[in-house]
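K.L.:
Right, I'll just put the structure down here and ask away after.
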Amino acid sequence: MKHAFATKVFYSDTDAYGVVWHGSYLRWLEMGRVLLCEQAGYKLSQLEENDVVLPVAELNVKYKNSARLEDEILIETEVVEKGRFYITFQQIIKNEKSQKTYIEALVKVVAIHKDGKLYRSLPEQVEKIVQ
């Protein structure tokens, strides 16, 4: 499953020099994963009501180029691996017009109960997200 959405770099996303602050990329990555889940029919709040939480367990980000104030960016999110109790997303943030890549990321989330205990296998509703 894949999802993509576009947004614009705002002043609050940048440092004093108009360059995107590194933490802003993480927020966009989170938005991409949330929107992919919603596209599959599951809001994260619904999963939590069903005792399923998907925290980030691993994050690998390769910064390739710097996005700047007012750039129009595209965030692409795709499930690339499914393990017994985890999902790995590949995410790319790039310039919507030029297609220049700003970052590439691999993000692994695990399925846990609200009390923090790890599921032994992905819950059914999470399986549906990665089909």
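Every read-out reported here was derived from the displayed coordinates using simple, explicitly stated rules and does not represent laboratory data. Since this is a predicted model, take the numbers as computed values, not measurements. Note that each Cβ is placed from the backbone with ideal geometry, even for glycine, and that neighbours are counted across all protein chains shown.
K.L.:
Under a point spin-label approximation (7 Å from Cα along Cα-to-Cβ), what is the K2-V56 distance to one decimal in nm?
P.N.:
2.3 nm
K.L.:
Take every Cα pair under 8 Å in the range 37-123 that's 6+ residues apart, average their separations, divide by the length, and report that relative contact order as a whole percent.
P.N.:
Reported relative contact order: 33 percent.
K.L.:
Another question about this same structure. Using the charge dipole of the chain (Lys, Arg: +1 at Cβ; Asp, Glu: -1 at Cβ; taken about the Cα centre), state which of L47, Y11, Y102 has its Cα farthest towards the positive end.
P.N.:
Looking along the dipole axis, the top candidate is Y102.
K.L.:
Counting only GluC sites (Glu not before Pro) that sit in a DSSP loop (anything but H, G, I, E, B) with at most 16 other Cβ atoms within 10 Å, what is the longest stretch of the chain containing none of them? If you can, show how the numbers build up before the last one.
P.N.:
Working: sites that count: E70, E96.
Result, exposed sites excluded: 1-69.
K.L.:
Which of T14, T7 has the fewest other C-beta atoms within 10 Å, and how do the rest follow up to the most?
P.N.:
Numbers: T14 19, T7 15.
Ordered by Cβ neighbours within 10 Å, fewest first: T7, T14.
K.L.:
Next question. How much length is gained if the chain between V19 and E124 is pulled fully straight, taking 0.36 nm per residue apart and subtracting their Cα-Cα distance, in nm to one decimal?
P.N.:
Gain in length upon complete extension: 33.7 nm.
K.L.:
Next question. Work out which chymotrypsin sites (Phe, Trp or Tyr not before Pro) in the chain are exposed loop sites (DSSP not H, G, I, E or B, at most 15 other Cβ within 10 Å) and give the longest gap free of them.
P.N.:
The answer is 22-131.
K.L.:
Excluding K64 itself, calculate the net charge of residues whose Cβ lies under 13 Å from the Cβ of K64, where each Lys or Arg counts +1 and each Asp or Glu counts -1.
P.N.:
Charge balance in the 13 Å sphere: +2.
K.L.:
Taking only Cα atoms, what is the 0 to 90° angle, nearest 10, from helix 22-39's long axis to the longest principal axis of the chain?
P.N.:
Helix 22-39 sits roughly 50 degrees off the main axis of the chain.
K.L.:
If you filter the range 2-106 for trypsin sites (Lys or Arg not before Pro), then keep DSSP loop positions with at most 14 other Cβ within 10 Å, what is left?
P.N.:
K43, K64, R84, K97, K100
K.L.:
Roughly what percent of Cα-Cα pairs across the range 2-129 reach past 19 Å?
P.N.:
Working: 4006 of 8128 pairs.
Roughly 49 percent, rounded to a whole number.
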